[in-house]
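Undergrad: Take this structure first; my questions come after.
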Amino acid sequence: MTSISSRRPVFLDAAVLAAPTARSLILFGQLHAEASFVAKWSLAVEQEADAALVARAQRRTETLGRTVPPVLVSALRSVSDWGGDVIVPPAPDLAASLTDTRAGDRHVLAAASACGAGFVITQDVDDFGPADLARLGMSAANPDLFLAHWMTAGMYQFALERIAARRTLEPRTPDAIHASLGKVHPRLAAVMGTVYPQITILPATHKPPAESFRGTRCLTCWQPTSQPLANGICSACHREGDQ
């Protein structure tokens, strides 16, 4: 068991924070004793996530013809125990020095680096420039790929039980949520198939992202390398996996 303070920080971008399932898997999973990472983000990222959730609720309100209130990350943070202080300060000077990351995401990468995060967890890996990631010794990883590497069976079951306890709509049981995760988190659901062996995982409903990983920090050993990693795994970890 590792204490929250000794775990490796990872930084969540706004799209991941605004995705209830991905957010819940990460934030509930990190509360388990087997977790080795702890999620962080900045207030600017949280504000972007809240704005996306408000817009999504407005679209649903128009579609359904009834008011659908947004469930904001800022409101959840005020009443939830997510393993300590998740908010980190901005790093504007570092952001201004970044060169090939998308302009709107430079503050994300800068704050992530400043808080010691080795990974930015993002749905938009290709928004983060390879030169900036290499300079900072960091990587950007899709949440499905990251969780498939770092979520244990105990963390997974714990997170699904927490999610199920809070659901008001189907699916509302851990095994049914596990089956549905195949639609949006196919890697994670496949890796965790032995946790619910009698359950058939639903097929993916989204095209896989053009890039799931970019950067120089290995997903397996967490160490930075001198060269970009094509598939997220350094040569040393590849060799160990082949033995």
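Undergrad: Among the numbered criteria (1) of a type in the set (Gly, Ala, Ser); (2) touching a Pro at 6+ places or on another chain (Cβ under 8 Å); (3) assigned to a loop (DSSP other than H, G, I, E, B), which one does Ala35 miss?
TA: Failing condition for Ala35: (2).
Undergrad: Residues to consider are Ala140, Ala148, Ala114, Ala91; find the one that is free of Cβ contacts under 8 Å to residues at least 24 places away in the same chain and over 21 Å from Ala51 (Cα atoms).
TA: None of the others qualify; the one that does is Ala91.
Undergrad: Also, I was wondering about something else. Would you pick out the residues in region 186-243 that are of a type in the set (Gly, Ala, Ser), touching a residue at least 60 places away in the same chain (Cβ under 8 Å) and closer than 18 Å to Gly118 by Cα?
TA: Listed by number, the residues that qualify are Ser212, Gly215, Gly232.
Undergrad: Here's another thing I want to ask about it. I'd like the full set of residues that are closer than 26 Å to Trp222 by Cβ and among the charged types (D, E, K, R), limited to region 20-76.
TA: Arg23, Glu34, Lys40, Glu46
Undergrad: Which condition from (1) in contact with a Cys (Cβ under 8 Å, 6 or more places away or on another chain); (2) surrounded by fewer than 17 Cβ atoms within 10 Å (Cβ to Cβ); (3) small (Gly, Ala, Ser) is the one that Ala210 breaks?
TA: (1)
Undergrad: OK, next. Can you tell me which residue within region 12-21, out of those that are of a type outside the set (D, E, K, R) and within 19 Å of Ala44 (Cα to Cα), is surrounded by the fewest Cβ atoms within 10 Å (Cβ to Cβ)?
TA: Once the filter is applied, the top-ranked residue is Pro20.
Bear in mind that the values in this text are calculations on the coordinates, not laboratory data. Computed from a predicted model, the values in this text were never measured in an experiment. Reconstructed Cβ throughout: ideal geometry from the backbone, glycine too, with neighbour counts over all protein chains shown.
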